[in-house]
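Worksheet for the structure shown next.
The values are calculated or read from the model by the stated rules, or taken from the named source; none is laboratory data. All values reported here derive from a predicted model rather than from experimental measurement. Note that we place each Cβ from the backbone using ideal geometry, even for glycine, and neighbour counts take in every protein chain shown.
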Amino acid sequence: MKLYINKASPFARKARILAHEAGIADRIEEIDIVVSPVKTNEVLARENPLIKIPALVTDQGETFYDSPVICEYLDTLHQKRKFFPETGPQRFAAMRRQALTDGILDAAVLCRYETAVRPEALRWKDWIEGQKRKVFGGLDVLEAEADSWGDEFGIGQIGVACVLGYLDFRFADWDWRAGHPKLSAWFERASRRPSVAATMPPA
Ligand SMILES: N[C@@H](CCC(=O)N[C@@H](CS)C(=O)NCC(=O)O)C(=O)O
């Protein structure tokens, strides 16, 4: 299988962490590419019309996107405990948590583009503040539920690790740890997992 990624991408990191945890990372060839909303990566565009990473090309030649679909597909390829509960309330709790962490990442990545890609004269402070509000509203919900996770490390917690790693990487000045002590302690423990350590965004 081929997985289009960038080592800085928190969405690609979800798939990379899950593959490590599931013991199938060696079946995946990572193709490290650069993407930008204002410069089309033509190689990626042939696989994913949305021109976003991650995109996964299976051994059968099918291409899957986006990260929730890729992660759920990878979860069918191993015999360990599943990262997506198959049925019942646990499944919907995990899917809701994944939706929340993906939404936080969408808002944070948009802030990144607003500051790193958009020309300075066109930047809109209120718009950034609106996205930041979504990030911190989401973090508050995760903080409130962190105690209930115990040792669980499913798709929701994988998303949380990607969110917190991305905020440290791109927005250290937002100081997400202030006001989120439970998440902070959780992330310290989660960062010791080999899957999380091996996929840390580049310095
Ligand atoms: N919903 C997508 C979001 C993926 C995404 O936004 N990826 C970013 C990189 S972190 C990207 O490819 N951006 C390029 C663009 O927006 O054109 C997923 O879950 O995979």
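Tell me, yes or no, whether the range 148-158 has at least one residue that is surrounded by fewer than 16 Cβ atoms within 10 Å (Cβ to Cβ) and farther than 23 Å from Arg81 by Cβ. Within the range 148-158, not a single residue is surrounded by fewer than 16 Cβ atoms within 10 Å (Cβ to Cβ) and farther than 23 Å from Arg81 by Cβ. Of everything in the range 1-11 that's buried (at least 18 other Cβ atoms within 10 Å of the Cβ) and either in a strand (DSSP E or B) or among the small types (Gly, Ala, Ser) (or both), which residue is nearest to the ligand (Cβ to nearest atom)? Here the residue is Ser9. Residue check: is Phe153 in contact (Cβ under 8 Å) with a residue 60 or more places away in the chain and in contact with a Leu (Cβ under 6 Å, 6 or more places away or on another chain)? It is false that Phe153 is in contact (Cβ under 8 Å) with a residue 60 or more places away in the chain and in contact with a Leu (Cβ under 6 Å, 6 or more places away or on another chain).
Candidates are the residues of the range 33-63 that are more than 16 Å from the chain's Cα centre (by Cα) and assigned to a strand (DSSP E or B); the one that is nearest to Pro194 (Cα to Cα) is Val57. Here Lys182 fulfils each of the conditions (1) loosely packed, with under 12 Cβ neighbours inside 10 Å; (2) over 18 Å from the mean Cα position of the chain (by Cα) apart from (1).
Yes/no matrix, rows are residues, columns are (1) buried (at least 16 other Cβ atoms within 10 Å of the Cβ); (2) not basic (Lys, Arg):
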position	(1), (2)
Arg13	yes, no
Arg27	no, no
Val35	yes, yes
Ile51	yes, yes
Gln60	no, yes
Tyr65	yes, yes
Phe84	yes, yes
Met95	yes, yes
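Which one is farthest from Ala12 (Cα to Cα) among residues in the range 25-70 that are more than 8 Å from the ligand (Cβ to nearest atom) and among the polar types (S, T, N, Q)? In this case the residue turns out to be Gln60. Scanning the range 94-153 for residues that are among the small types (Gly, Ala, Ser) and either within 16 Å of the ligand (Cβ to nearest atom) or under 14 Å from the mean Cα position of the chain (by Cα) (or both) returns Ala94, Ala99, Gly103, Ala107, Ala108, Ala116, Gly138. Scanning the range 89-125 for residues that are at pLDDT below 95 and either farther than 22 Å from Ala8 by Cβ or among the β-branched types (Val, Ile, Thr) (or both) yields Thr115, Val117, Ala121, Leu122, Trp124, Lys125. Picking from residues in the range 71-80 that are out of contact with any strand residue (DSSP E or B) (no Cβ under 6 Å at 6 or more places or on another chain) and more than 12 Å from the ligand (Cβ to nearest atom), the one that is farthest from Val109 (Cα to Cα) is Gln79.
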